[in-house]
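Okay, structure first, notes after.
The values are calculated or read from the model by the stated rules, or taken from the named source; none is laboratory data. What you see is a predicted model, and the numbers here were worked out from it, not measured in a lab. Cβ placement follows ideal geometry from the backbone for every residue including glycine, while neighbour counts extend to all protein chains displayed. Side chains are part of the model used for accessible areas, which takes the heavy atoms of the whole protein and leaves out ligands, DNA and RNA. Shrake-Rupley method; radii C 1.70, N 1.55, O 1.52, S 1.80 Å.
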Amino acid sequence: MTFSKTTLALAIACTLCGTAHQAVAADPAKPFTVLTGAWSNRALDPDQRSALLLAQMTQDEKLKLVISHFGSDFEPKGTKKHPKALPHSAAYVEGVPRLGIPDLFETDAGIGVATQGSGKAAPRERTALPSGLGTAATWNRELALQGGAMIGAEARASGFNVMLAGGVNLQREPRNGRNFEYAGEDPLLAGTMVGLQIKGIQSNHIVSTLKHFAVNSQETGRFVLDARLDDAGARMSDLLALQFAMEVGDPGSVMCAYNRVNGVYACESNYLLKEVLKQDWGFKGYVMSDWGAVHSTVAAANSGLDQQSGWEFDASQYFGGALREAVENGAVAQSRLDDMVKRILRALYATGVMDHPVAEGGAIDYAAHALVSRSDAEEAMVLLKNSKKLLPLNANVRKIVVIGAHADVGVLSGGGSSQVYPVGGMAVQGLEPSSWPGPVVYFPSSPLAHIRAQAPKADVTFHDGRDAKAAARLAAGADVVLVFADQWIGEANDARSLSLPNNQDALIAAVAGANPNTAVVLLTGGPVTMPWLDQVGAVLAAWYPGSSGGEAIARVLFGVVNPSGRLPATFPAAESQLPRPLLDGDRENEHKRFSVNYFEGASVGYKWFDAKGLTPLFPFGYGLSYTSFGYSDLKSEVKGGNLHVSFKVSNKGSVAGKEVAQIYVAPVKGGWEAPKRLGGWDKVDLAPGQTKQLSLVVDPRLLAMFDSKSKRWRVAAGQYEVMLAQHAGDTQASRVTVSLPKRTLDARGKDVK
């Protein structure tokens, strides 16, 4: 940062005459002095303030900020939890009290304030959003922002000022155990929704991360696998999703991943951290490692890693004494250490952490937050099938049988570090695994209880589904049967296959054979196959629906809420349709190194299916409603160099509903990685008979190919097709063509003259 002579003179004068005042330390009997100076002036920007503060720091103080300590009772190699770390937390970073630099208290993750599964202290009961994939399925920007603001508020009230949210790894592998934390397969949808969540979190004056950087597409072998992907393919897929999220959310930190990328560990990849993130994209925050993702001192520091996280998971304190020695002997420049620290300080200023200290014990309005989670869950649900209008259910229905998935007491959540401990405690006890990546947690929001509340005159019976024949006999006499099916996945736990586990496919087939008025409610972490699809009357994908999931499911089933979710990821008809029909790696030997060749490049999800002419079970963007919609008056034109699209959406049915109108774009002559790309969308709420005019602008990068040699996005001159569709497989899509001029953009999407 370059300062004017006047600004610099004022800063030096203010620093030299800096006013000192007494503040109370953690121990009131031991006050410390906080030195204030020009860096405390909020009129200065974060770059200026962080530079001024950095100049006051000693080497010891700088080194404190570049390493964090795990916050739970995890004590390998004789290490001990830092005494100031909050119980069950992700990490603690020691601040600099004399300069007013606060301690950093870090929590997982993007679903809510998580409780790590160790330690003797009582777990924190907090509100959980639906899975990240569920939030993406809403296609509702405002809900993503509100949900982020809600969990960020709970993090702040819990004493945390860093939240490890912001997962936006594209769904290249539908069996990935962490897909439920992420936002699907399309760069624009995933990046936008996660970016808005980050923005909401940081509105609470705390830091949110963006993760996992990059190409972290499966859990099997995650510490050792080498993700092979060419630069152009990455820039137009995984990296583009992360770039969109960075631009929308402006995260304070980016978390580098466990895996290697093209032979180099992500946390010591000069290509990822310096070339792409900091140089090409201009990221000004700091890069923290994932826990256990650091393998060196010199290579990691010189390649752009700014902070070693939860060092107890690594083989050594790479950014402790080893970093000090590396700086002293010149292997790591002093300027690199200063840059590491300045980036951390800048993030604390930019997000408001420095000016708005956190304190544990803040008030949480759990009732209000439960409604935020419920609204998200309701719009996340995707109605996949509804033969003969089986749904919505009539409140006067006489006999309902509810089967399976512990639906009598709660709803499932995903496992791993993002696990939120539910308000009200665990609905189901004693499930395995009870330890990492468990415990398996059901939130105490009973679908059965809320179904009974919606149909107070009905005879509503529950069966656990363990005996398929007994369940079928019970179902035979019902007016309607609701089979709940679930699939538990989590961090370090990829799905074995896309089939429902524990013989649930056979259960559904048996019940549907006994009663065709069977609706299936799926509580899953991602796509599953459905060999019984033709036998059932309705299918509702509810994902992991969060703290208020049982209530949200009942409200959708009975039509209190019209389902408006759309798939954020393709549901394959079979694993043979995938680029890799078999999951790479050896689940029984996680230390055996291997490579995953992402030869499909940017052809992820629906683009792969389009390019190969494959018909999925359900396409990206798909979802039904209790009403019907119509489109008209599609127009496109180039204004100010950008592609503008306008159209009308009408509610043709008799009930209110929300439609997700999707715009896809493609060059008439082809030449892309796939026949089309999502160019934009809007979600609109319409009363019966109502019509609204909508318009949007297509980001020019979605009309371009990335040229790795020049690091430029290039839009080829020519005719382009604009499609207004209800989903990626919509054969009835409205289409217009538009002529686009040649256009060149830099790596940040800005015009190059």
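Some points to look at:
- Test: residue in the stretch 449-458 that is open to solvent by 60 Å² or more (accessible area, probe 1.4 Å) and in contact with a strand residue (DSSP E or B) (Cβ under 7 Å, 6 or more places away or on another chain): yes
- Test for Leu740: is it farther than 19 Å from Leu240 by Cα and crowded, with 19+ Cβ neighbours inside 10 Å: yes
- Matching residues in the stretch 493-512 - criterion: being closer than 19 Å to Ile400 by Cβ and in contact (Cβ under 8 Å) with a residue 40 or more places away in the chain: Leu507, Ala510, Val511
- In the stretch 406-433, the qualifying residues are those that are of a type in the set (A, V, I, L, M, F, W, C) and open to solvent by 10 Å² or more (accessible area, probe 1.4 Å), and the one that is farthest from Ala512 (Cα to Cα) is Val423.
- Condition met for Gly282 (in a helix (DSSP H, G or I) and touching a residue at least 24 places away in the same chain (Cβ under 8 Å)): no
- Given (1) open to solvent by 50 Å² or more (accessible area, probe 1.4 Å); (2) within 16 Å of Leu188 (Cα to Cα); (3) not small (Gly, Ala, Ser), number of the condition Gln732 does not satisfy: (2)
- Verdict on Ile206 being open to solvent by less than 10 Å² (accessible area, probe 1.4 Å), aliphatic (A, V, I, L, M) and in contact with a Leu (Cβ under 9 Å, 6 or more places away or on another chain): no
- All told, Phe105 falls short of being aromatic (Phe, Trp, Tyr), under 17 Å from Tyr318 (Cβ atoms) and either within 25 Å of the chain's Cα centre (by Cα) or at pLDDT 90 or above (or both).
- Some residue of the stretch 161-182 being in a loop (DSSP other than H, G, I, E, B), closer than 24 Å to Gly221 by Cα, more than 22 Å from the chain's Cα centre (by Cα) and of a type in the set (Asp, Glu): no
- Identity of the residue in the stretch 547-579, open to solvent by less than 30 Å² (accessible area, probe 1.4 Å), β-branched (Val, Ile, Thr) and assigned to a loop (DSSP other than H, G, I, E, B), that ends up nearest to Met530 (Cα to Cα): Thr570
- If the condition is being closer than 20 Å to Phe244 by Cβ and out of contact with any strand residue (DSSP E or B) (no Cβ under 8 Å at 6 or more places or on another chain), then the stretch 162-175 contributes Leu170, Gln171, Arg172.
- Among the residues of the stretch 533-592, those identified as without any contact (Cβ under 8 Å) to a residue 12 or more places away in the chain and out of contact with any Asp or Glu (no Cβ under 7 Å at 6 or more places or on another chain) are Asp534, Ser576, Leu582, Glu588, Asn589.
- Only one entry in Glu247, Glu275 is under 23 Å from Gln308 (Cα atoms), at pLDDT 95 or above, of a type in the set (Asp, Glu) and not in a strand (DSSP E or B), namely Glu275.
- Number of the exception - Lys199 against (1) within 14 Å of the chain's Cα centre (by Cα); (2) crowded, with 24+ Cβ neighbours inside 10 Å: (2)
- Note on the stretch 673-749: enclosed strands (runs of 3 or more DSSP E) holding 3 or more residues that are within 24 Å of Ala136 (Cα to Cα) and without any contact (Cβ under 8 Å) to a residue 40 or more places away in the chain are 677-686.
- Checking each residue in the stretch 269-293 for being open to solvent by 30 Å² or more (accessible area, probe 1.4 Å) and more than 27 Å from Ser603 (Cα to Cα) picks out only Lys284.
- Listed conditions (1) assigned to a loop (DSSP other than H, G, I, E, B); (2) small (Gly, Ala, Ser); (3) under 16 Å from Gly200 (Cβ atoms) are all met by Ala155, apart from (1).
- Test: residue in the stretch 480-503 that is assigned to a helix (DSSP H, G or I) and within 29 Å of the chain's Cα centre (by Cα): no
- From the list Ala149, Ala109, Ala128, the one residue that fits, being touching a residue at least 24 places away in the same chain (Cβ under 8 Å), among the aliphatic types (A, V, I, L, M), out of contact with any strand residue (DSSP E or B) (no Cβ under 6 Å at 6 or more places or on another chain) and open to solvent by 10 Å² or more (accessible area, probe 1.4 Å), is Ala149.
- Only listed residue being open to solvent by less than 20 Å² (accessible area, probe 1.4 Å) and either in a loop (DSSP other than H, G, I, E, B) or free of Cβ contacts under 8 Å to residues at least 40 places away in the same chain (or both), chosen from Val604, Val655, Val665: Val604
- Residue count for the stretch 696-710, restricted to those that are of a type outside the set (A, V, I, L, M, F, W, C) and surrounded by fewer than 16 Cβ atoms within 10 Å (Cβ to Cβ): 4.
- Yes/no for Gln726 being more than 27 Å from the chain's Cα centre (by Cα) and of a type outside the set (Lys, Arg): no
- The stretch 341-363, subset small (Gly, Ala, Ser) and in a helix (DSSP H, G or I), residue most open to solvent (accessible area, probe 1.4 Å): Ala350
- Some residue of the stretch 158-168 being over 19 Å from Trp291 (Cβ atoms) and surrounded by fewer than 24 Cβ atoms within 10 Å (Cβ to Cβ): yes
Each row is one residue, and each column tells you yes or no for (1) outside any strand (DSSP E or B); (2) of a type in the set (S, T, N, Q); (3) modelled with pLDDT of 50 or more; (4) more than 39 Å from the chain's Cα centre (by Cα).
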| position | (1), (2), (3), (4) |
| --- | --- |
| Ala13 | yes, no, no, yes |
| Pro28 | yes, no, no, yes |
| Val34 | no, no, yes, no |
| Leu53 | yes, no, yes, no |
| Asp60 | yes, no, yes, no |
| Leu63 | yes, no, yes, no |
| Lys77 | yes, no, yes, no |
| Pro83 | yes, no, yes, no |
| Ala90 | no, no, yes, no |
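Matching residues to (1) over 17 Å from His69 (Cα atoms); (2) open to solvent by 30 Å² or more (accessible area, probe 1.4 Å); (3) in contact (Cβ under 8 Å) with a residue 40 or more places away in the chain:
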site	(1), (2), (3)
Thr297	no, no, no
Ala300	yes, no, no
Trp311	no, yes, yes
Gln317	no, yes, yes
Leu323	no, no, yes
Val332	yes, no, no
Asp339	yes, yes, no
Asp365	yes, yes, no
Val372	yes, yes, yes
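- Leading residue by the ranking (nearest to the chain's Cα centre (by Cα)) among those in the stretch 636-652 that are open to solvent by 40 Å² or more (accessible area, probe 1.4 Å) and over 14 Å from Gly680 (Cα atoms): Lys648
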